[in-house]
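Here's the structure we're looking at; comments come further down.
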Amino acid sequence: MDKPVIQRCPIGCDSTLQATDIHLPEGILRRCSECGQLLSSCSQSRYDHTMQDFNHDAGTMPTGKSARRHRQRIGAILREAIDFLDQPADSVRFLDVGCSSGSVLHIASEMHIGTVCGVEPAPKAAATAQQLGYAVFSGYLHEAAYADASFDLVTTFEVVEHLADAGSMAKEVSRILRPGGLWLIGTGNAESWTAERLREQWEYYSIAQNGGHISFFNPRSIALLGQRHGMSVAYLRTKRTLGSPPAARTRLGKLRDELMAIPARLTGRGHDMLAALRKR
Ligand SMILES: [Zn+2]
């Protein structure tokens, strides 16, 4: 039998991984006793197989109504980061890691961000972004070999949960950020009310529905990841909550989820997490 793709805590803790009582089809979910990171028992071969889902020409380019929402959401996130950096947008050097076919690069270009670059390991998606005219490196971040302090702003949206070793990425992002630069991480929150309530039914844990999801963060583990690589939390927020799996949601359930979204956001227990780590 294949060994699990993750053998130790990717945040860099020395603690051993302990079994939780959450059973997934790939095996039991494990927890780092130091930082609370939850880790899949998925095998390397199963992981490699599900990651193939990302290698197609269209990449993850949203269409129609979801494209409009995507543009609003990403636009607001980038604007807030640029305000925080306190430099004119047209002077910002920006890199989106895991840029797929370039949907975030497109929004950044529309905002007249100074330099817009991307990195994408799935060759077909990277080729699509390149054909659209974006400066995209086809491969992994460390292979791009950017110079030290090349960027003011680096984003990874829906990337870190796919990594067996988020520590290596944190090290590289920290190296290519200028002091004071920001790394924005968009990922799920495994200490959310949704995660607590839905347990193995939380769709986010499903490697079948979300190819390559193997590493599940919480506000503490993100902060620790930054701290161990010369970064500190500039801001971190969470939003949204689900009381039942989407397929089983009633109208009353939806109403309750909408009401609970406000306390979830205020208490950091929402399941959508955005962390901004600032390079010291
Ligand atoms: Zn840990």
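The values are calculated or read from the model by the stated rules, or taken from the named source; none is laboratory data. Please read these numbers as outputs of a predicted model, since none were measured by experiment. For neighbour counting, all protein chains shown are included, and Cβ atoms are generated from backbone atoms with ideal geometry for every residue, glycine included. Heavy atoms of the whole protein, side chains included, go into the accessibility calculation; ligands, DNA and RNA do not. Shrake-Rupley method; radii C 1.70, N 1.55, O 1.52, S 1.80 Å.
What the table shows:
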item: Residue in the range 206-225 that is more than 18 Å from Gln37 (Cβ to Cβ), among the hydrophobic types (A, V, I, L, M, F, W, C) and modelled with pLDDT of 95 or more present; result: no
item: Contacts under 6 angstrom Cβ, first residue in the range 76-87 being within 17 Å of Leu105 (Cβ to Cβ), partner assigned to a helix (DSSP H, G or I), 6 or more apart; result: Ile82/Ala89
item: Flag for Leu277 being farther than 21 Å from Tyr204 by Cβ, open to solvent by less than 20 Å² (accessible area, probe 1.4 Å) and not hydroxyl-bearing (Ser, Thr, Tyr); result: yes
item: Qualifying positions in the range 175-196 - in contact with a Lys or Arg (Cβ under 6 Å, 6 or more places away or on another chain), of a type in the set (Gly, Ala, Ser) and closer than 25 Å to Asp83 by Cβ; result: Gly181
item: Any pair with Cβ under 8 angstrom, 6 or more apart, that starts in the range 161-188 at a residue that is in contact (Cβ under 8 Å) with a residue 12 or more places away in the chain and within 29 Å of Gln209 (Cβ to Cβ) and ends at one that is of a type in the set (D, E, K, R) and in a helix (DSSP H, G or I); result: Thr187/Glu161; Gly188/Glu161
item: So Leu224, is it over 24 Å from Val104 (Cα atoms) and either among the aliphatic types (A, V, I, L, M) or in contact (Cβ under 8 Å) with a residue 12 or more places away in the chain (or both); result: yes
item: Which numbered condition Thr63 misses (of (1) β-branched (Val, Ile, Thr); (2) within 16 Å of the ligand (Cβ to nearest atom); (3) free of Cβ contacts under 8 Å to residues at least 12 places away in the same chain); result: (2)
item: Number of the condition not met by Ile82 [criteria: (1) open to solvent by 30 Å² or more (accessible area, probe 1.4 Å); (2) part of a helix (DSSP H, G or I); (3) touching a strand residue (DSSP E or B) at 6+ places or on another chain (Cβ under 8 Å); (4) not hydroxyl-bearing (Ser, Thr, Tyr)]; result: (1)
item: Verdict on Leu105 being in a strand (DSSP E or B), open to solvent by less than 10 Å² (accessible area, probe 1.4 Å), away from the ligand (no atom under 16 Å from the Cβ) and within 30 Å of Lys279 (Cβ to Cβ); result: no
item: Every pair of residues 6+ apart whose Cβ atoms lie under 8 Å, when the first sits in the range 193-215 and is open to solvent by 10 Å² or more (accessible area, probe 1.4 Å) while the second is outside any helix (DSSP H, G or I) and of a type in the set (D, E, K, R); result: Trp193/Arg269
item: Considering residues of the range 223-232 that are farther than 22 Å from Met51 by Cβ and open to solvent by less than 20 Å² (accessible area, probe 1.4 Å) only, the residue nearest to the ligand (Cβ to nearest atom); result: Gly226
item: Any hit, the range 54-64, residues being open to solvent by 80 Å² or more (accessible area, probe 1.4 Å), acidic (Asp, Glu), at pLDDT below 90 and not in a loop (DSSP other than H, G, I, E, B); result: no
item: Qualifying residue in the range 110-123 (condition: in contact with an Asp or Glu (Cβ under 7 Å, 6 or more places away or on another chain) and either part of a helix (DSSP H, G or I) or in contact (Cβ under 8 Å) with a residue 60 or more places away in the chain (or both)); result: no
item: Filter result for His70 (closer than 24 Å to Ala190 by Cβ, away from the ligand (no atom under 16 Å from the Cβ), open to solvent by 20 Å² or more (accessible area, probe 1.4 Å) and modelled with pLDDT of 95 or more); result: no
item: Per-region count, the range 35-45, residues over 20 Å from Gly226 (Cβ atoms) and either near the ligand (Cβ under 9 Å from one of its atoms) or open to solvent by less than 20 Å² (accessible area, probe 1.4 Å) (or both); result: 2
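Residue by residue, here is whether (1) within 16 Å of the ligand (Cβ to nearest atom); (2) in contact with a strand residue (DSSP E or B) (Cβ under 7 Å, 6 or more places away or on another chain) holds:
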residue	(1), (2)
Asp2	no, yes
Ile6	yes, yes
Ile11	yes, yes
Leu24	no, no
Arg30	yes, yes
Ser33	yes, yes
Tyr47	no, no
Thr50	no, no
